[in-house]
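Participant: My questions will all concern the structure given below.
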Amino acid sequence: MLHTPPASLLLLQLLNLTGIFVFAISGAMMGVRKGFDLFGVIVLAVVTAVSGGIMRDVLIGAIPPESIAHWHGVALAVIAGLLGFRSHRLIERLNHPVLFFDAAGLGVFAASGTQKALEFWLNPFMAAVLGMISGVGGGMVRDILAAQIPVVLRSEIYASAALIGALIVVVGAHFGLPPIETTLAGAGLTFFLRMMAIYRHWTLPIAHTNRDH
Amino acid sequence: MLHTPPASLLLLQLLNLTGIFVFAISGAMMGVRKGFDLFGVIVLAVVTAVSGGIMRDVLIGAIPPESIAHWHGVALAVIAGLLGFRSHRLIERLNHPVLFFDAAGLGVFAASGTQKALEFWLNPFMAAVLGMISGVGGGMVRDILAAQIPVVLRSEIYASAALIGALIVVVGAHFGLPPIETTLAGAGLTFFLRMMAIYRHWTLPIAHTNRDH
Amino acid sequence: MLHTPPASLLLLQLLNLTGIFVFAISGAMMGVRKGFDLFGVIVLAVVTAVSGGIMRDVLIGAIPPESIAHWHGVALAVIAGLLGFRSHRLIERLNHPVLFFDAAGLGVFAASGTQKALEFWLNPFMAAVLGMISGVGGGMVRDILAAQIPVVLRSEIYASAALIGALIVVVGAHFGLPPIETTLAGAGLTFFLRMMAIYRHWTLPIAHTNRDH
């Protein structure tokens with residue numbers, strides 16, 4: 001690792017913390033909207049921020065999971081939850097910035113989750129799937145706890161953007177490219193695809209049927 | 001294993017793949033009905049096909065779980081999901097064949113899940129419970145992700161049929177009967193009970209109350 | 001352990017069984033209300049009773065989880081589920097006793113879950129979080145399976161009471177106090193806070209917003 005530029009590593013860690021923070025904010029906003037009390041809002045914030053990574057760690061056998069073994073992630077998510085509870089009106093007006101950070105978090109979680117899965121076990125296709133789970137798992141659990149169909153499954157390019165970024169990491173590892181740069185590239189691509197989906201209304205096909213939703 | 005007839009083993013593996021395929025189809029159909037996009041439909045298909053086995057493997061400590069360690073199951077479920085997305089009208093007309101395959105999948109997953117639990121750890125009652133979880137877990141997660149009460153809990157003999165088939169495997173192992181034949185017998189019994197529940201409307205009692213469902 | 005009074009240990013084990021029993025009853029009542037059949041009611045009873053502990057054990061790496069490794073807990077929950085199915089009218093009239101036992105179960109599970117997490121791994125803050133998960137996890141899964149927003153997140157002091165009791169255990173361990181007494185003290189405090197929340201309508205703040213619940 002000595003030969004990797006410290007700036008890239010720092011950027012990656014910063015983005016990871018950003019990911020925890022914005023996912024926690026999105027959980028807190030959901031909790032406020034559903035009328036949860038202060039503690040419920042904080043719990044939902046924490047669960048949203050850490051569930052994706054916990055799923056990945058349980059499935060690859062990294063026990064105890066990262067966010068259970070260290071208290072930093074949970075503590076940051078608690079702070080984000082408090083902030084979300086106090087400033088939910090302000091954050092609602094900041095809708096676009098939140099989507100921006102959420103897309104950044106998605107990219108970082110998917111790419112660094114893939115990196116971790118590759119370290120534990122090498123089948124590249126499944127490593128990318130685990131990266132995708134790291135990225136989308138938190139949002140799925142948030143929506144399940146709010147008794148809603150996960151937006152991840154229903155809406156514009158989201159899980160698919162995470163998978164594509166994860167595949168970049170896998171391809172980079174296959175060709176022996178430096179891991180931090182590859183992770184940043186994968187995260188960047190996921191971020192780009194997600195933002196395009198939001199602003200250009202990129203979508204995937206939907207089957208024509210008489211839906212009951 | 002050399003003394004077991006290859007035909008039985010082949011049949012079991014074939015049924016296992018059939019189970020993955022039909023559970024994936026049932027997930028895809030749910031996704032189409034709920035208006036998910038193509039990728040969401042595929043994700044729901046995969047999750048439905050592998051969740052029961054993943055729960056079992058996490059609980060018995062078989063980490064990484066079978067469907068994470070190998071890509072074949074996920075790949076087959078992706079194909080089934082694509083097929084479900086493209087041909088949902090056709091499959092809806094094939095309602096009875098789908099129920100038929102679903103019952104077959106339930107039987108195979110419950111019986112082979114019990115077999116695997118016995119290999120890892122020997123308390124027979126809990127091995128049967130884990131077999132039941134292998135059989136019904138995927139459908140439960142599918143329904144949770146669709147924000148519905150799991151049909152497994154609510155409807156005709158389903159989880160109970162899985163448990164009875166699982167108990168056959170446990171009894172067979174207790175008397176030292178050959179595992180593949182016992183597994184086929186357990187799977188067959190679950191299949192039979194489930195089909196009877198569908199065609200003869202066999203049901204278990206429901207408590208009389210003022211329900212709010 | 002020889003120096004701990006047998007009476008305290010016995011009391012703790014008795015309370016633990018009580019916790020399993022009352023959580024199972026609460027699951028069975030939910031199943032009856034939603035119109036599940038007999039087997040569905042029993043499954044929901046068992047799942048409610050054991051999910052919190054299973055989450056804790058999976059996250060700390062105690063595999064197979066306690067309630068999978070031994071059949072006693074599941075068997076007791078099955079009996080409670082049967083009782084809940086048969087006597088739901090009676091139990092509904094006993095509303096206050098059920099809340100009383102549920103609060104006792106919450107306290108015991110949170111405190112003894114924290115104790116177990118401390119045995120496996122020492123970060124005290126996260127041990128308390130895992131204790132809280134042990135206490136509230138079962139009720140969350142029960143409500144998810146009933147397609148409802150978990151009451152744990154939405155209502156009066158519940159998860160917060162569990163966390164405070166868990167923190168007592170952590171503080172006690174830090175000062176080297178005898179574990180069984182500390183566990184009883186933590187469980188007692190959680191129980192007291194929960195009962196106060198019910199009878200005195202203690203609540204935590206809710207953010208003012210246009211909720212959609």
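Participant: Checking the condition surrounded by fewer than 21 Cβ atoms within 10 Å (Cβ to Cβ), within 13 Å of another protein chain (Cβ to nearest Cβ) and either free of Cβ contacts under 8 Å to residues at least 12 places away in the same chain or in a helix (DSSP H, G or I) (or both), which residue from B:78, B:41, B:32 passes?
Facilitator: Details: B:41 fails: surrounded by fewer than 21 Cβ atoms within 10 Å (Cβ to Cβ); B:32 fails: surrounded by fewer than 21 Cβ atoms within 10 Å (Cβ to Cβ).
When all the criteria are applied, what remains is B:78.
Participant: For the range C:19-69, which positions are out of contact with any strand residue (DSSP E or B) (no Cβ under 6 Å at 6 or more places or on another chain), modelled with pLDDT under 90 and acidic (Asp, Glu)?
Facilitator: Within the range C:19-69, just C:66 meets the criteria.
For every residue, the table says whether it meets (1) buried (at least 19 other Cβ atoms within 10 Å of the Cβ); (2) more than 9 Å from every other protein chain (Cβ to nearest Cβ); (3) of a type in the set (Phe, Trp, Tyr).
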| position | (1), (2), (3) |
| --- | --- |
| C:18 | no, yes, no |
| C:61 | no, no, no |
| C:73 | yes, yes, no |
| C:85 | yes, no, yes |
| C:98 | no, yes, no |
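Participant: List the residue pairs whose Cβ atoms are under 6 Å apart, where the first residue sits in the range B:175-188 and is closer than 10 Å to residue B:115 by Cβ, the second is surrounded by fewer than 18 Cβ atoms within 10 Å (Cβ to Cβ) and among the polar types (S, T, N, Q), and the two are 6 or more positions apart or on different chains.
Facilitator: Short answer, once both residue conditions are applied: B:180/B:4; B:180/B:8.
Participant: Could you count how many residues in the range A:68-120 are among the acidic types (Asp, Glu) and closer than 18 Å to residue A:190 by Cα? Break it down into steps so the answer makes sense when it comes.
Facilitator: Pass one, the range A:68-120, residues among the acidic types (Asp, Glu): A:92, A:102, A:119.
Checking which are closer than 18 Å to residue A:190 by Cα leaves us with A:102.
Adding up the residues that qualify gives 1.
Participant: Can you tell me which residue within the range C:80-108, out of those that are among the hydrophobic types (A, V, I, L, M, F, W, C) and touching a Phe, Trp or Tyr at 6+ places or on another chain (Cβ under 8 Å), is nearest to residue C:166 (Cα to Cα)?
Facilitator: Our first condition is that a residue be among the hydrophobic types (A, V, I, L, M, F, W, C); within the range C:80-108, this holds for C:80, C:82-83, C:85, C:90-91, C:94, C:98-101, C:103-104, C:106, C:108.
Okay, now just the ones that are also touching a Phe, Trp or Tyr at 6+ places or on another chain (Cβ under 8 Å), so C:80, C:101, C:103-104, C:106.
On the way: C:80: 26, C:101: 18, C:103: 14, C:104: 14, C:106: 11 Å.
The selected residue is C:106.
Participant: Okay, next question. Does residue A:157 satisfy the criteria of being in contact (Cβ under 8 Å) with a residue 40 or more places away in the chain and either over 16 Å from residue A:26 (Cβ atoms) or in contact with an Asp or Glu (Cβ under 7 Å, 6 or more places away or on another chain) (or both)?
Facilitator: Working: in contact (Cβ under 8 Å) with a residue 40 or more places away in the chain: yes; either over 16 Å from residue A:26 (Cβ atoms) or in contact with an Asp or Glu (Cβ under 7 Å, 6 or more places away or on another chain) (or both): yes.
Criteria met by residue A:157.
Participant: Any residue that is touching a Lys or Arg at 6+ places or on another chain (Cβ under 6 Å), closer than 24 Å to residue A:37 by Cα and touching a residue at least 12 places away in the same chain (Cβ under 8 Å) - is there at least one of those in the range A:128-148? First the steps, then the outcome.
Facilitator: Applying the first criterion (touching a Lys or Arg at 6+ places or on another chain (Cβ under 6 Å)) to the range A:128-148 yields A:130, A:133-134, A:146.
Going one step further and asking which of them are closer than 24 Å to residue A:37 by Cα, we end up with A:146.
Right, trim to touching a residue at least 12 places away in the same chain (Cβ under 8 Å) and you get A:146.
The answer is yes, given that some residue of the range A:128-148 is touching a Lys or Arg at 6+ places or on another chain (Cβ under 6 Å), closer than 24 Å to residue A:37 by Cα and touching a residue at least 12 places away in the same chain (Cβ under 8 Å).
Participant: Considering (1) part of a helix (DSSP H, G or I); (2) surrounded by fewer than 24 Cβ atoms within 10 Å (Cβ to Cβ), say which one residue C:25 fails and leave the rest.
Facilitator: Among (1) part of a helix (DSSP H, G or I); (2) surrounded by fewer than 24 Cβ atoms within 10 Å (Cβ to Cβ), residue C:25 violates only (2).
Participant: Quick one: is residue C:51 of a type outside the set (Lys, Arg), farther than 28 Å from residue C:176 by Cβ, touching a Ser or Thr at 6+ places or on another chain (Cβ under 7 Å) and crowded, with 21+ Cβ neighbours inside 10 Å? Outline the logic, then answer.
Facilitator: Working: of a type outside the set (Lys, Arg): yes; farther than 28 Å from residue C:176 by Cβ: yes; touching a Ser or Thr at 6+ places or on another chain (Cβ under 7 Å): no; crowded, with 21+ Cβ neighbours inside 10 Å: yes.
So residue C:51 fails the test.
Participant: In addition: Just for the range C:166-187: of the residues that are within 16 Å of the chain's Cα centre (by Cα) and farther than 20 Å from residue C:101 by Cα, which one is surrounded by the most Cβ atoms within 10 Å (Cβ to Cβ)?
Facilitator: First pass over the range C:166-187, keeping only residues within 16 Å of the chain's Cα centre (by Cα): C:166-167, C:169, C:183-187.
Next cut, farther than 20 Å from residue C:101 by Cα only: C:167, C:169.
Values: C:167: 22, C:169: 30.
Across the range C:166-187, the extreme among qualifying residues is C:169.
Participant: Filter the range A:18-50 for residues that are hydroxyl-bearing (Ser, Thr, Tyr) and out of contact with any Lys or Arg (no Cβ under 8 Å at 6 or more places or on another chain) and give the result. Please lay out each step first, then the result.
Facilitator: Quick first cut of the range A:18-50, residues hydroxyl-bearing (Ser, Thr, Tyr) only: A:18, A:26, A:48.
The one that is hydroxyl-bearing (Ser, Thr, Tyr) and out of contact with any Lys or Arg (no Cβ under 8 Å at 6 or more places or on another chain): A:18.
Participant: Test of understanding: among B:142, B:93, which residue is more than 8 Å from every other protein chain (Cβ to nearest Cβ), buried (at least 24 other Cβ atoms within 10 Å of the Cβ) and farther than 21 Å from residue B:61 by Cα?
Facilitator: Details: B:93 fails: buried (at least 24 other Cβ atoms within 10 Å of the Cβ).
Every option except B:142 fails the conditions.
Participant: Is it the case, given these coordinates, that residue C:115 is part of a loop (DSSP other than H, G, I, E, B), farther than 10 Å from residue C:56 by Cβ and out of contact with any strand residue (DSSP E or B) (no Cβ under 6 Å at 6 or more places or on another chain)?
Facilitator: On the way: part of a loop (DSSP other than H, G, I, E, B): no; farther than 10 Å from residue C:56 by Cβ: yes; out of contact with any strand residue (DSSP E or B) (no Cβ under 6 Å at 6 or more places or on another chain): yes.
No; evaluated as a whole, the condition is false for this residue.
The values are calculated or read from the model by the stated rules, or taken from the named source; none is laboratory data. Source: prediction; values computed, not measured. Cβ: placed from backbone, ideal geometry, glycine included. Neighbour counts: every protein chain shown.
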